[in-house]
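Everything below concerns the one structure shown next.
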Amino acid sequence: MPEKILQGIPASDGIAIGPAFRYIPAELTVPARAAESADVELSRFDAAREQARVELQGLSNAIEKRAGKEEAAIFEAHREMLNDPALEGRVRELVESGQTAEQALVNATDELAGLLAGMNDELFSARALDVKDVGRRVLRILLGLPDTALGAVTEPSVIVAEDLTPSDTASLDPSLTLGFVTAQGGLTSHSAILARTLGIPAIVGMGNNLLENVPGGTFIVMDGRTGELLIEPDEEITGRYQKVKSQRESQMQILKAAAEKDAVTANGRRVEVAANVGEAATARDAIEHGAEGIGLLRTEFLYLEDTQPPSEEKQFHIYREIFEVMAGRPVIVRTLDIGGDKPPSYLPFPTEMNPFLGWRAIRISLDEQDLFKTQLRAILRAAVGHHARIMFPMVSDLDELRRARDIVDTVKRDLALASVEFAFDVPVGIMVETPAAAVMVDALAEASDFFSLGTNDLTQYTLAVDRGNAKVANLFQPLHPAVLRLIKQTIDAARAKGKWVGMCGELAGMTKAIPILLGFGLDEFSMNPRAIPEAKRLIGQLTDERAREVASHAMTFGTAAEIENYMKGILTELA
Amino acid sequence: MAEATIQVKHKVGLHARPASLFVQTAAKFSSAIKVKNISANGNFVDAKSIIMVLTLGVMKDHEIVIQTEGADADAALAALKSLIESNFGES
């Protein structure tokens with residue numbers, strides 16, 4: 001039987017292979033029975049509340065030990081809600097009007113959670129879930145049921161659930177939890193954040209039919225890095241994942257050792273080697289591979305995972321989480337870079353003949369200023385105390401850059417007027433990915449604090465080749481002399497203006513390009529995390545002088561094939 | 001009865017830790033304590049209830065009114081005022 005593959009949002013890195021444990025919280029039904037006297041019902045409520053208090057204390061202690069005080073704070077908040085006089089008062093009133101303790105509890109928590117759920121600000125409305133979680137705990141105790149169905153996990157399993165509450169995640173036994181997959185939830189949900197803290201592979205937002213597709217005990221493979229869930233894969237595929245899993249694990253050991261060293265050329269010049277990161281889950285991965293920063297933080301994932309644009313709070317939390325993971329290392333946040341090839345449902349995309357030449361990236365941000373401002377506010381607020389930079393994608397014109405910068409200034413003024421804390425000294429730069437930007441770097445330097453070469457689009461636009469088109473994909477040559485000349489021109493012009501220039505396109509991580517780029521004087525190489533260790537090794541083999549020789553020789557060729565051939569020889573020399 | 005109007009300066013408003021501290025402080029007194037968010041046109045709620053205090057949706061710079069009534073009304077009001085004025089113990 002061919003296996004089934006489901007796709008979700010990768011929330012925490014790692015591969016898990018094993019049986020699925022379907023976590024379906026017991027349906028807690030309120031028994032239809034006549035209420036006893038109010039005193040009896042109230043004393044049952046009090047006793048259940050006392051036991052809930054003990055349970056929460058236990059959970060709080062366990063999580064504090066495993067993940068730290070901050071993660072445990074949620075259970076302190078639950079304890080406060082348990083003691084809440086409004087909750088108690090409402091239960092008392094309802095019991096006195098003739099309801100059972102169970103009925104009164106359910107009605108009271110529903111009412112109070114409803115008050116919170118209706119609030120406009122996400123930060124407040126999200127607390128409704130906590131009230132419900134607390135209500136559920138007390139109800140479960142009233143019904144005489146054990147702590148949690150997750151206690152029934154007895155062999156190492158992948159937990160498959162509709163959603164996991166903070167109480168659920170906290171009661172997962174890490175030694176029996178290979179990973180978890182949920183139908184609901186996003187990257188900022190409490191369970192996703194906790195999974196990353198504890199290093200448990202996780203995929204969230206799998207969609208509503210998850211539980212139907214995974215009968216209990218089904219053999220599954222999940223990859224928290226890609227968001228793929230394989231249901232009953234055959235032996236060959238399982239073997240392949242097993243191999244990848246052990247490869248990743250043994251690689252990690254080697255990498256960790258190498259990661260501690262900074263990239264330095266053979267003559268001792270420091271060069272930055274950074275990572276391109278597409279979501280929160282891979283920031284940790286980047287550090288483990290030796291990233292000295294994030295040269296490109298893509299933010300598209302925030303915009304494509306939902307049917308509405310991400311709120312400022314949501315973005316703020318994600319950015320801050322990433323900045324905190326990077327612990328003072330520089331992070332370049334690229335503002336929204338989407339287009340008609342992958343349109344989110346909430347933007348009015350016209351049908352486009354050429355989406356790559358159409359309404360995309362900075363062009364959208366300048367037209368949809370509310371969307372843009374929300375993102376800028378979130379970045380500027382999250383950047384407090386961190387080393388962040390803002391980068392605009394696909395700039396092709398100085399006026400565009402000036403307008404975008406004006407908006408940054410407006411946002412800063414608004415934040416200052418509202419006395420909201422933000423980082424006022426965040427450098428603002430552009431991605432050089434249109435030939436127009438590459439040839440205008442000297443002029444763009446007026447309004448750009450730094451530059452970063454985006455070689456994928458630069459190659460596509462320079463050579464007029466759509467690499468997604470199989471008929472012409474072989475013409476997509478990032479080492480084409482035309483592209484290299486633009487890169488050199490960009491670096492020279494930026495340096496002449498005293499500006500920092502990095503590269504965050506695929507070329508930066510290609511071994512056959514690194515010696516040339518080093519010779520051009522590139523300040524930073526940002527790449528897929530997995531390419532970092534080899535890039536650092538290669539840089540360590542080269543003196544600046546040798547790199548300059550290689551670069552100028554490479555520039556004498558007229559075709560990409562000749563350059564590649566020459567570089568093959570150089571790499572053999574450096575192996 | 002004692003009453004005071006105060007502006008909440010904390011960056012998260014009455015949420016998370018500040019909300020907890022506010023409620024814990026109120027709970028130390030025997031007086032009845034009510035609080036209302038005038039910046040959001042809310043009603044008075046019980047200041048000893050974390051859930052009700054959260055429903056006020058007090059954000060940074062909102063102004064709240066606190067009313068205390070009972071044997072230790074003045075002490076309760078003073079304690080809550082100083083908690084907010086000290087920015088919940090954060091500088």
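In the set (1) surrounded by fewer than 17 Cβ atoms within 10 Å (Cβ to Cβ); (2) within 30 Å of residue B:57 (Cβ to Cβ); (3) more than 14 Å from every other protein chain (Cβ to nearest Cβ); (4) not hydrophobic (A, V, I, L, M, F, W, C), the condition left unmet by residue A:174 is number (2). Every residue in region A:30-68 that is without any contact (Cβ under 8 Å) to a residue 60 or more places away in the chain and among the polar types (S, T, N, Q), please. If the condition is that a residue be without any contact (Cβ under 8 Å) to a residue 60 or more places away in the chain and among the polar types (S, T, N, Q), then A:37, A:43, A:57, A:60, A:61 are the ones that fit. Go through region A:114-127 and count every residue that is under 21 Å from residue A:171 (Cβ atoms) and surrounded by fewer than 22 Cβ atoms within 10 Å (Cβ to Cβ). Selection size over region A:114-127: 1.
Any residue that is part of a helix (DSSP H, G or I) and either under 29 Å from residue A:418 (Cα atoms) or more than 19 Å from the chain's Cα centre (by Cα) (or both) - is there at least one of those in region A:326-345? Full working, then the answer.
Taking region A:326-345 and keeping what is part of a helix (DSSP H, G or I), we get A:326.
Filter once more, keeping what is either under 29 Å from residue A:418 (Cα atoms) or more than 19 Å from the chain's Cα centre (by Cα) (or both): A:326.
For region A:326-345, residues part of a helix (DSSP H, G or I) and either under 29 Å from residue A:418 (Cα atoms) or more than 19 Å from the chain's Cα centre (by Cα) (or both): present.
Cβ-Cβ contacts under 8 Å between residues 6 or more apart (or on different chains), taken from a first residue in region A:351-369 that is in the same structural domain as residue A:395 (by TED's automatic domain parsing) to a second residue that is among the aromatic types (Phe, Trp, Tyr) and not in a helix (DSSP H, G or I), are listed as A:352/A:359; A:359/A:349; A:361/A:392; A:362/A:392; A:365/A:392; A:367/A:359. With respect to the conditions (1) loosely packed, with under 13 Cβ neighbours inside 10 Å; (2) without any contact (Cβ under 8 Å) to a residue 12 or more places away in the chain; (3) not hydrophobic (A, V, I, L, M, F, W, C), residue A:307 falls short on a single one, namely (2).
Could you tell me whether region A:75-87 includes any residue that is within 23 Å of residue A:128 (Cα to Cα), in contact with a strand residue (DSSP E or B) (Cβ under 7 Å, 6 or more places away or on another chain) and not assigned by TED's automatic domain parsing to the domain that holds residue A:219? It would help to see each step written out before you state the result.
First, the residues of region A:75-87 that are within 23 Å of residue A:128 (Cα to Cα): A:75-87.
After this cut, where a residue has to be in contact with a strand residue (DSSP E or B) (Cβ under 7 Å, 6 or more places away or on another chain) as well, the list is A:85-86.
Filter once more, so that each one left must be not assigned by TED's automatic domain parsing to the domain that holds residue A:219: A:85-86.
Yes, the conditions are met somewhere in region A:75-87.
Give the residues of region B:46-67 that are touching a residue at least 60 places away in the same chain (Cβ under 8 Å) and out of contact with any Lys or Arg (no Cβ under 6 Å at 6 or more places or on another chain), sorted by residue number. Selection gives B:66 alone.
When the test is whether a residue is of a type outside the set (Phe, Trp, Tyr), surrounded by 19 or more Cβ atoms within 10 Å (Cβ to Cβ), more than 14 Å from chain B (Cβ to nearest Cβ) and over 17 Å from residue A:361 (Cβ atoms), residue A:426 passes it.
Go through region A:409-520 and tell me which helices (runs of 4 or more DSSP H), entirely inside it, have 2 or more residues that are in contact (Cβ under 8 Å) with a residue 60 or more places away in the chain. Steps first, answer last, please.
Working: elements: A:435-439, A:441-444, A:455-463, A:481-496, A:514-520.
Once the helices (runs of 4 or more DSSP H) in region A:409-520 are filtered for at least 2 residues that are in contact (Cβ under 8 Å) with a residue 60 or more places away in the chain, what remains is A:455-463, A:481-496.
Say we look at region A:359-392 and pick out the residues that are among the small types (Gly, Ala, Ser) and crowded, with 16+ Cβ neighbours inside 10 Å; which of these is farthest from residue A:276 (Cα to Cα)? Ranking the qualifying residues of region A:359-392, first place goes to A:365. Within region A:9-34, restricting attention to residues that are surrounded by 18 or more Cβ atoms within 10 Å (Cβ to Cβ) and aliphatic (A, V, I, L, M), the residue that is farthest from residue A:179 (Cα to Cα) is A:9. Could we say that residue A:473 is surrounded by fewer than 16 Cβ atoms within 10 Å (Cβ to Cβ), more than 29 Å from residue A:331 (Cβ to Cβ) and modelled with pLDDT of 95 or more here? Spelling it out, it is not the case that residue A:473 is surrounded by fewer than 16 Cβ atoms within 10 Å (Cβ to Cβ), more than 29 Å from residue A:331 (Cβ to Cβ) and modelled with pLDDT of 95 or more.
Might you let me know whether region A:58-67 holds any residue that is assigned to a helix (DSSP H, G or I), within 14 Å of chain B (Cβ to nearest Cβ) and surrounded by 13 or more Cβ atoms within 10 Å (Cβ to Cβ)?
The first filter runs over region A:58-67 and keeps only residues assigned to a helix (DSSP H, G or I), leaving A:58-67.
Retained after the next criterion (residues that are within 14 Å of chain B (Cβ to nearest Cβ)): A:60.
Then drop every residue that is not surrounded by 13 or more Cβ atoms within 10 Å (Cβ to Cβ), which leaves A:60.
Yes: region A:58-67 contains one or more residues that are assigned to a helix (DSSP H, G or I), within 14 Å of chain B (Cβ to nearest Cβ) and surrounded by 13 or more Cβ atoms within 10 Å (Cβ to Cβ).
Residue by residue through region A:68-78, note down the ones that are more than 10 Å from every other protein chain (Cβ to nearest Cβ) and either among the hydrophobic types (A, V, I, L, M, F, W, C) or surrounded by fewer than 17 Cβ atoms within 10 Å (Cβ to Cβ) (or both). Across region A:68-78, the qualifying residues are A:68, A:69, A:70, A:72, A:74, A:75.
Just one residue in the set A:122, A:93 is acidic (Asp, Glu), in contact with a Lys or Arg (Cβ under 8 Å, 6 or more places away or on another chain) and more than 10 Å from chain B (Cβ to nearest Cβ); that residue is A:122.
The values are calculated or read from the model by the stated rules, or taken from the named source; none is laboratory data. Since the structure is predicted, the reported quantities are computational estimates derived from the model, not experimental observations. As a convention, Cβ positions derive from the backbone with ideal geometry for all residues, glycine included, and neighbour counts pool all protein chains shown.
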